[in-house]
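Working notes, structure below.
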Amino acid sequence: MISTPSRTRLSLLLALALGTAGVAFAAAPPLASTPAGTQPATAPAAQPAGDFLRADIDPKVDPRQDFFDYANGGWLASHPIPASESAWGIGSLVEEDTYATLRKINEDSANGRWAAGSYPRKVGDFWKTAMDTARADEQGIHPLDDEMDRIDRVANAGDAMAEAFTLAQIGIDAFFESDISQDEKDSAVYAVHFNQGGLGLPERDFYFNPEQGVAKVRSEYVAHLSRVLQQLGRKSADADAAAARVMAFETELARISRKIEDLRDPDRNYNKMTPADFTAKYTPHIPWMDRMYSWGVQPATVIVGQPDFFQSLDGLLQKTDVKVLRDYLRLHLVDAYAPTLAKSFDDEHFRFYGQVLRGQKEQRERWKRVIDTENRTIGKILGQAYVQDHFPPAAKARYTAMVEAIRQAYHDRIAKLDWMSPETKAKALAKLAAITAKVGYPDKWEDYHGINIATESYCQNVMRARLWHFNDQVRKFSLPVDRSEWDMNPQTYNAYYNPSNNEIVLPAAIFTIPGVADAQVDDAVAYGYVGAGTIGHEITHGFDDEGRKFDAHGNLSDWWTAADASKFQQRADVLARQFDAYEPIPGIHINGKASLGENLADFGGLMIGIDAFMKTEQYRKGVKIGGLTPMQRFFLGYAMGWMTQQRPEVLRSHLLSDVHAPAKWRVLGPLSNIPAFYEAFGVKPGDAMWRPADQRAAIW
């Protein structure tokens, strides 16, 4: 089912290299548009010789009892999780195709002769250096010598905080998290944000949850910290004691942190103040303006997510032995860069973060791990080449049109709501109309020629790339917000809604069904898989429990009447309680409040996806394909988007640290509330997928 690149990349790369270092990768294909006044539903698609949905179904499962296992069980049974993976599903197959494409781009770049500073030269040098394991082993820990020397000179809590600000520039969140991003209440400008953070485990509840598997993770984490310290030259007994002290410090950081569900309240997590007030009111020992000056920014105000955390952090730093603070900084530095260092560091990092936390049996092949890192550092350079073959104008036109079909369906649904007042409806419709849709790839590519990629050290290349990205944000701080920028690469199998821009961003890869050409995907499947599962999902994020608090201009602003806000919350609470009741691992339930935004988006995306699909020619004709009605294919298309399975270790981590419910329950949960699903598959009282009408969620 895995497709392969349609042609060699060498000819493209040769064209890209012509000229000076200022020459970028070739421009993306011309943007397609939908003529005004045309029907936004997609054109009928040619059908494959055999229906691709049938191979995924497990006919032994009754769809009325477990629709996820019915829709996906056949594929999951025949595709066990590979030893190198923690999960395996449809997204994995898309990524396998992407890996092959990006590897070819890298190898052609590495084998060519390119102008210094050109994009192909940067890509080739990054690849060659990253794949040179002998050099990494020879260098050992030395690429981090400068950082380690600074940490060795930390003499007190003030020095430790100063070092944390230095490490933040190369992507390490020590003690707290920080970023320069849009001001939530004034989205036209950038602001400096400070939030709780600094934990080595994925989320605060890992430090306290009593479940046996979580307790084992805590024990293994301390052992991991000790082994890293031993790699840095500490004797075993000393390393064990130091690791325990670092764990105790991080446990206190976790204790003063807000729970994951409490981070979903944008009003409570928005506290604007001057740096002087931040210091005076909360952190008398932390001169925030001086620290930010070291970054090259001097903001009049900062936005503090959790002032109570920083107030407690200030005291915690003062009472903690400086030796513990130094060890904490060393360990976070090494864990952040271990995959780029000698094999011994890479292996130890994998032993805990791969095997213990994610259940992987063996390391992924190095070339794939290099591409993962490359995508996080210079991924948009690769993306310019990727879209040439993977997102033709016809696909862009199809899904741009689908966005408008979904938008119109949402408009009609909001207009008919019986629980929302005309005043709030008018503002909701204005926000819906203002949503920008970015489909496939950027209209304008950012310039990454300033990133310095050399050949002496993989670690140093990653560090310099992270520093460049940090300095680029500093550079933009005093400029107007550029709303054309993307936060994902075109080759990323994902999508997002950005409330500050009131936009949905849909990278090219998210539209892919592995092994099936887009022209072979009928509208029923496309509207379930993409229309409901991606486009409708992301649009609904603009109206979920968090996104609804941002207005049409992307500003955090209360545009709801008090009565409408109360009615919305009452209806959303129904969904939260439903998910609270799910218990994927004995003793660990889904967190209905933490995952509410995603569950609302799934449910809303399905409701408007159904409405939009019902306007298509395929639905109106009602012709079966593969023995399935159009509406049955719609729901199977949606379920296919969540066709994945996880190892128990990563499922545990997912439940404690992720605001997304696990894949299976993202199918079972929303569908159990939808009458059209009951009708399509004959769900009746007594079936596991049935909920009494008065217990179903009803929002959009």
Looking at (1) in a helix (DSSP H, G or I); (2) touching an Asp or Glu at 6+ places or on another chain (Cβ under 6 Å); (3) under 20 Å from His541 (Cα atoms), find the lone condition where Leu668 falls short. (2)
So Leu467, is it out of contact with any Pro (no Cβ under 9 Å at 6 or more places or on another chain), surrounded by fewer than 20 Cβ atoms within 10 Å (Cβ to Cβ), of a type in the set (A, V, I, L, M, F, W, C) and in a loop (DSSP other than H, G, I, E, B): no
Among the residues of segment 53-69, count how many are of a type in the set (Asp, Glu) and in a loop (DSSP other than H, G, I, E, B). 3
Could you figure out which of (1) touching a residue at least 12 places away in the same chain (Cβ under 8 Å); (2) crowded, with 19+ Cβ neighbours inside 10 Å isn't true of Ile625? (2)
Per the filter on segment 303-335, residues surrounded by 19 or more Cβ atoms within 10 Å (Cβ to Cβ) and under 21 Å from Asp265 (Cα atoms) are Ile303, Val304, Gly305, Gln306, Phe309, Phe310, Ser312
Scan segment 381-403 and give yes if some residue there is of a type in the set (Gly, Ala, Ser), in contact with a Lys or Arg (Cβ under 6 Å, 6 or more places away or on another chain) and outside any loop (DSSP other than H, G, I, E, B), otherwise no. no
Restricting segment 86-100 to residues that are in contact with a Pro (Cβ under 8 Å, 6 or more places away or on another chain) and closer than 17 Å to Gly533 by Cβ, the residue that is surrounded by the most Cβ atoms within 10 Å (Cβ to Cβ): Ile90
Criterion: at pLDDT 50 or above, in contact with a Lys or Arg (Cβ under 9 Å, 6 or more places away or on another chain) and exposed (fewer than 14 other Cβ atoms within 10 Å of the Cβ) - qualifying residue of Ala55, Ala110, Ala83: Ala83
Counting only residues that are of a type in the set (Lys, Arg) and in a helix (DSSP H, G or I), which one in segment 333-364 is farthest from Ser219 (Cα to Cα)? Lys343
Condition check for Phe206: among the hydrophobic types (A, V, I, L, M, F, W, C), surrounded by 19 or more Cβ atoms within 10 Å (Cβ to Cβ), in contact (Cβ under 8 Å) with a residue 24 or more places away in the chain and not in a helix (DSSP H, G or I): no
Residue in segment 225-235 that is in contact (Cβ under 8 Å) with a residue 12 or more places away in the chain and among the polar types (S, T, N, Q) present: yes
Does Glu446 meet the test of being surrounded by fewer than 20 Cβ atoms within 10 Å (Cβ to Cβ), of a type in the set (Asp, Glu) and closer than 29 Å to Ala517 by Cα? no
Ala697 vs. criteria buried (at least 19 other Cβ atoms within 10 Å of the Cβ) and either part of a loop (DSSP other than H, G, I, E, B) or among the charged types (D, E, K, R) (or both): yes
May I ask you to say which residue of Asp183, Asp173 is touching a residue at least 24 places away in the same chain (Cβ under 8 Å), in contact with a strand residue (DSSP E or B) (Cβ under 6 Å, 6 or more places away or on another chain) and surrounded by 15 or more Cβ atoms within 10 Å (Cβ to Cβ)? Asp183
Candidate set from segment 490-537 (those that are among the polar types (S, T, N, Q) and part of a loop (DSSP other than H, G, I, E, B)); member that is surrounded by the most Cβ atoms within 10 Å (Cβ to Cβ): Gln491
Any idea which of Arg234, Arg227 is in a helix (DSSP H, G or I) and farther than 16 Å from Gly305 by Cα? Arg227
Checking Asp443 against (1) of a type in the set (D, E, K, R); (2) out of contact with any Asp or Glu (no Cβ under 9 Å at 6 or more places or on another chain); (3) farther than 30 Å from Ser109 by Cα: exactly one of these is not met. Which one? (3)
If I filter segment 305-312 for residues that are in a loop (DSSP other than H, G, I, E, B), touching a strand residue (DSSP E or B) at 6+ places or on another chain (Cβ under 9 Å) and modelled with pLDDT of 95 or more, do I get at least one hit? yes
Please identify the pairs in which a residue from segment 145-169 that is among the basic types (Lys, Arg) has its Cβ atom under 6 Å from the Cβ atom of a residue that is in a helix (DSSP H, G or I), counting only partners at least 6 apart or on another chain. Arg150/Glu163
Based on what the data block shows, is Ile406 in contact with a Lys or Arg (Cβ under 7 Å, 6 or more places away or on another chain), surrounded by 24 or more Cβ atoms within 10 Å (Cβ to Cβ) and part of a helix (DSSP H, G or I)? no
How do the pairs read when you match residues in segment 98-111 that are under 15 Å from Gln491 (Cβ atoms) with residues anywhere that are among the small types (Gly, Ala, Ser) and modelled with pLDDT of 95 or more, using Cβ under 7 Å and keeping only pairs 6 or more apart or on different chains? Thr98/Ala509
Could you check how many residues of segment 402-432 are under 30 Å from Asp522 (Cα atoms) and either in contact (Cβ under 8 Å) with a residue 60 or more places away in the chain or in contact with a Pro (Cβ under 8 Å, 6 or more places away or on another chain) (or both)? 13
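The values are calculated or read from the model by the stated rules, or taken from the named source; none is laboratory data. Keep in mind that what you see is a predicted model, and the values were worked out from it rather than measured. Cβ atoms come from the backbone with ideal geometry, glycine included; neighbour counts cover every protein chain shown.
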